[in-house]
């Protein structure tokens, strides 16, 4: 009876132990990266003048974003470097750890820096964040993906295996369409042995259309009633045309 009771207790406690998919060293790597971002943001914060920064938080609504825009406009001209570094670190941090809400950060780039600088900033930070997530996933990604998205992982694995010879085309297709979430693509690509140069090229090119639409909307932030307003007919048409232009060189090179 004692052995039976012991086996029952082990079975009861086993699921609890398996809920957290990372081992000690994987957890240490994630914690170290997280600490690095925290120290960097603290450094930026300490270089700003003494003031009330209660408005500094990740925006979750358009109202939060408008409040953040109104306050940051005061500092952007006099403390451009600090605002830029802080913006980049927050965006890359969110992409690295798959934190939702980067669409608000893209809108903020348009509101603060205009369309051309805003698009360049968003593409740079989004690509850097996706790359950071890519390399972090090489270390800790497999157990997390198997635990969080087993079905998506199996689908992505099958698609990548079928399209090895035209992988850049497929990765561009994923970036330009909502077939799979970008956060999942960032985290799953190294697990599926997608070469980094292909991942990088598809990310840079594929993010331009959405960045343009979102940054342009940020110029008229006060007119937005909801995030759904980003995707009116004109925006969708613009996104489609830019997407075709972006993918055409790859298609032409494939034919050659």
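Taken together, the values in this text are just the output of simple stated rules run on the coordinates, not laboratory data. A quick note: this is a predicted structure, and the numbers were derived from the prediction, not measured. For neighbour counting, all protein chains shown are included, and Cβ atoms are generated from backbone atoms with ideal geometry for every residue, glycine included.
A Förster radius of 51 Å combined with the Cβ-Cβ distance from residue 26 to residue 220 puts the calculated FRET efficiency at roughly 0.70.
The slack between residue 179 and residue 48, meaning 0.36 nm per residue of separation minus the straight C-alpha distance, is 43.0 nm.
Mean separation of Cα pairs under 8 Å and 6 or more residues apart, divided by the residue count, gives the range 37-104 a relative contact order of 42 percent. Given R₀ = 22 Å, what would the calculated FRET efficiency be for residue 164 paired with residue 200, taking r from the Cβ atoms and rounding to 0.05? Efficiency computed from Cβ-Cβ geometry: 0.80.
For the range 23-255, what does the convex hull of the Cα positions come to per residue, in cubic angstrom?
Convex hull volume per residue, Cα atoms: 131 Å³.
Segment residue 56..residue 147, full-extension length gain: 29.4 nm, with 0.36 nm per residue of separation and the alpha-carbon distance subtracted.
The separation of the range 146-187 from the range 189-217, counted between C-alpha centres, amounts to 12 Å. Between residue 117 and residue 64, the FRET efficiency estimated from the beta carbon spacing at R0 = 22 angstrom works out to 0.45.
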